[in-house]
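Working notes, structure below.
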Amino acid sequence: MVLELKTHMAKDWRGYKGRPFLISGPCSAETEEQVMATAIQLAQIKEVSVFRAGIWKPRTRPNSFEGVGTEGLKWLRTVKQETGLMVGTEVANEKHVYEALKYGIDMLWIGARTSVNPFTVQEISDALNGVDVMVFVKNPINPDLELWIGAIERISRAGITKLGAIHRGFSTYEKTIYRNQPNWQLPIELRRRIPDLPIICDPSHISGSREYLHEISQKAMDLNFDGLMLESHIDPDKALSDAAQQLTPNDLKELLSRLVLRNPVTSDPKLLDILGELRLQIDVFDDALIDILEKRMKVAETIGQYKKENNITILQTTRWDEIIKKVMINGQLKGLSREVIDTIFKAIHQESINHQMKIMNNGITNHVKRKQ
Ligand code: PEP
Ligand code: MN
């Protein structure tokens, strides 16, 4: 189902300076000096539209720095007055919303630990009813698109039209190079489900370290995201939260200068012709892939029939090992990555098992009846 929400596109928002719609600032507001020094430098970067700073910080363990609280809202107000930047902070309950609005905060975001909880999102939505403020909903920590969409709908129902989503990656138990897994297919599917909703990528929380910020930002731009949220601190190594992933304003400027922004659409008729033809070819190959898969499943079902008649288990590990080894070699010879071969063949194998399972369990009651 494709959802229509009453949202403006980011480019219609006050303060939009072109793609990427850039939100930057420290993970946390720590002192007035740190906030002001960072903001003054960020205001000199032409792409920055919104200055962000966490005032109330959700921390994994107690006794970590949990934010300066309401005091910091005054600093954000000063940033707005002195630099002309819009200012934004995270809200996690109705009290945060009321406090932030009292201090004229322009943008509120709902963090990943809050968007998982429909009770809290509803509480925030009720507090926002009828207010004209910009709101971003970060993805929930777990990769659940429906939960993300549900949170966006709740905020939309409060009448918020300057509404957007932030993709900040998803938590996994396994340690990977990134702090949070991007699972790009989720924001892509979100775009398909709510085509007019602006989507911002937060490479800082996906990466967890400075090292991968550029490649993640570039990927988000190539996928036609509307903007980026990048954490920036005047002295990142001394930051009280998320020190490893924050950039100095200078390094942020350098990262932005290396970003390649491609056009999402073209009106050049010749190029459209060529692309149209190539897309037709892709459609033909996609149809052929589906036909091949259907044929493969038919064979799997026939094997299932034999296994059933001869009482053999479905899963035969040595056969599966053989298949995966063979396709890995073959795939790599054809320039396909190990990762894609692994993902595709695991999915195909699982589908084959499901088809065989259906065959083997079909008529099982007859078989039992016959035995009695
Ligand atoms: C943040 O933006 O600093 C933050 C806490 O984000 P998240 O909710 O994505 O962890
Ligand atoms: Mn942070």
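The values are calculated or read from the model by the stated rules, or taken from the named source; none is laboratory data. All values reported here derive from a predicted model rather than from experimental measurement. Note that each Cβ is placed from the backbone with ideal geometry, even for glycine, and that neighbours are counted across all protein chains shown.
Considering segment 196-210, the residues that are in contact with a helix residue (DSSP H, G or I) (Cβ under 6 Å, 6 or more places away or on another chain) and in a strand (DSSP E or B) include one that is nearest to Leu145 (Cα to Cα), namely Ile199. Output the residues belonging to segment 293-323 that are assigned to a helix (DSSP H, G or I) and touching a helix residue (DSSP H, G or I) at 6+ places or on another chain (Cβ under 6 Å). Answer for segment 293-323, where residues must be assigned to a helix (DSSP H, G or I) and touching a helix residue (DSSP H, G or I) at 6+ places or on another chain (Cβ under 6 Å): Met297, Ala300, Glu301, Gly304, Gln305, Lys308.
Which residue out of Leu252, Leu230 is surrounded by 10 or more Cβ atoms within 10 Å (Cβ to Cβ), touching a Pro at 6+ places or on another chain (Cβ under 9 Å) and within 30 Å of Ser28 (Cα to Cα)? Full working, then the answer.
Working: Leu252 fails: touching a Pro at 6+ places or on another chain (Cβ under 9 Å).
Matching residue, one of Leu252, Leu230: Leu230.
Residues checked against (1) within 12 Å of ligand 1 (Cβ to nearest atom); (2) touching a strand residue (DSSP E or B) at 6+ places or on another chain (Cβ under 9 Å):
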{"residue": "Gln122", "(1), (2)": "no, no"}
{"residue": "Asp132", "(1), (2)": "no, no"}
{"residue": "Pro143", "(1), (2)": "no, yes"}
{"residue": "Glu153", "(1), (2)": "no, no"}
{"residue": "Ala158", "(1), (2)": "no, yes"}
{"residue": "Arg179", "(1), (2)": "yes, no"}
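With respect to being within 13 Å of ligand 1 (Cβ to nearest atom) and either of a type in the set (D, E, K, R) or at negative phi (or both), Val35 falls outside the description. Quick check on my filter: what residues within segment 300-325 are without any contact (Cβ under 8 Å) to a residue 12 or more places away in the chain and more than 38 Å from the chain's Cα centre (by Cα)? Once the filter is applied, which keeps residues that are without any contact (Cβ under 8 Å) to a residue 12 or more places away in the chain and more than 38 Å from the chain's Cα centre (by Cα), segment 300-325 yields Thr302, Tyr306, Glu309, Asn310, Asn311, Ile312, Thr313. Condition check: of a type in the set (Gly, Ala, Ser) and either under 22 Å from Pro20 (Cα atoms) or in contact with a Phe, Trp or Tyr (Cβ under 6 Å, 6 or more places away or on another chain) (or both). Does Gly72 satisfy that? The answer is no for Gly72.
Looking at segment 125-141, which of its residues are in a loop (DSSP other than H, G, I, E, B) and farther than 21 Å from Phe225 by Cβ? Within segment 125-141, Asn129, Gly130, Val131, Asp132, Val133 meet the criteria. Within segment 237-284, being away from ligand 2 (no atom under 16 Å from the Cβ), among the aliphatic types (A, V, I, L, M) and without any contact (Cβ under 8 Å) to a residue 40 or more places away in the chain holds for Val265, Leu271, Leu272, Ile274, Leu275, Leu278, Leu280, Ile282, Val284. Restricting segment 124-176 to residues that are touching a residue at least 60 places away in the same chain (Cβ under 8 Å) and hydrophobic (A, V, I, L, M, F, W, C) leaves a set whose member that is nearest to ligand 2 (Cβ to nearest atom) is Ile166. Every listed requirement among (1) of a type outside the set (Lys, Arg); (2) at pLDDT below 90; (3) in a helix (DSSP H, G or I) is met by Thr266 save one, (3). Among the residues of segment 214-239, those identified as in a helix (DSSP H, G or I) and either touching a His at 6+ places or on another chain (Cβ under 9 Å) or away from ligand 1 (no atom under 14 Å from the Cβ) (or both) are His214, Glu215, Ser217, Gln218, Lys219, Ala220, Met221, Asp222, Asp237, Lys238. Among the numbered conditions (1) touching an Asp or Glu at 6+ places or on another chain (Cβ under 8 Å); (2) without any contact (Cβ under 8 Å) to a residue 12 or more places away in the chain, the only one that Ser204 does not meet is (2).
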